[in-house]
Amino acid sequence: MKLNRKVALITGAGSGFGAEMARQFAASGACILVNDLNEKAAETVADEIRKSGGSAIPMGGDVSQGDDVGALVARAMEEFGALDIYVNNAGYSHINQPLLEVTEAEFDRIYAVNVKSIYLSAIHAVPVFRAQGSGVFLNIASTAGVRPRPGLTWYNSSKGAVITMTKSMAVELAPDNIRVNALNPVIGETGMMKTFMGGQDTPEIREKFISTIPLGRMSQPNDIARAALFLVSQDAEFITGVCMEVDGGRCI
């Protein structure tokens, strides 16, 4: 199995892309720390993994808070004795709307969850990776950081920051044998879909979004999880600083 005996911490793993990554990583042999702000959702995913014969523990926590992130890393070390993979998947967005209508509080939350969380993951996980002699970060960015859609300006910019952070981290941490990559999903059928659509999910609005995707559909959690599994595995041992579009051609 690709991730046999590896330990992966996945944030925002109570649903959507994160939950499917947790399932697929566990099926590939990894021990998973399932994190979500909604601890009950994390527990549900961890229970599902265990019932399928995998190894997983749930833990609540806000990825924008340093103490919470530190506690996640400490729990992984306590329970599994190592931390090999850190997936920054948790994300937040304002609703699709004119940029001047987004409140300051919403803006701050977007940058706290989407950007500051990666800083905090580095603060707490890099020392562990250095001590072990290796480690992998996978940041979930977005096509929004490559080809922005109107109405999502502040979200778009936060994902642009994730892309730049990924590349810079990759260069700086390469001498420590720490790889850092990102995925750029196109809009997917997850809990955030209505937010990106402006709060409504209608056939007309779906068609508007799908019309910009050459392969003719939105992403699915399985699409993202399979790409993630490759990037965190030894199959990608010489790949770092890559921000891979999983987007059906949207960014072409």
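Rule-based calculations on the coordinates, nothing more; no lab input. In this text the structure is predicted, and so the values were computed from the model without any measurement. Here Cβ is always computed from backbone atoms with ideal geometry, including for glycine, and neighbour counts include all displayed protein chains.
One table, with the values for the structure above:
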| item | result |
| --- | --- |
| Cross-link partners of residue 167 among aspartates and glutamates (Cα-Cα below 18 Å; sequence separation of 8 or more within a chain) | 176, 237, 245 |
| 116, 51 arranged by Cβ crowding within 10 Å, fewest neighbours leading | 51, 116 |
| Ordering of 144-154, 3-13 by burial proxy (mean other Cβ atoms within 10 Å per residue, highest first) | 3-13, 144-154 |
| Size of the range 104-224 as Cα extents on the principal axes (Å, biggest first) | 52, 35, 21 |
| Ranked 78, 204, 39, criterion: other C-beta atoms within 10 Å, fewest first | 204, 78, 39 |
| Quarter of the Cα convex hull surface for the range 7-246, i.e. its orientation-mean projected area (nm²) | 12.4 nm² |
| Cross-link table 159/208; 6/208; 51/208, entries beyond 30 Å C-alpha to C-alpha | 6/208; 51/208 |
| Per-residue Cβ neighbour rank within 10 angstrom, fewest leading, 2, 40 | 40, 2 |
| CD proxy at 222 nm, helix term only [per DSSP H run n ≥ 4: -39500 (n - 2.57); per residue of the chain; nearest 500] | -13500 deg cm²/dmol |
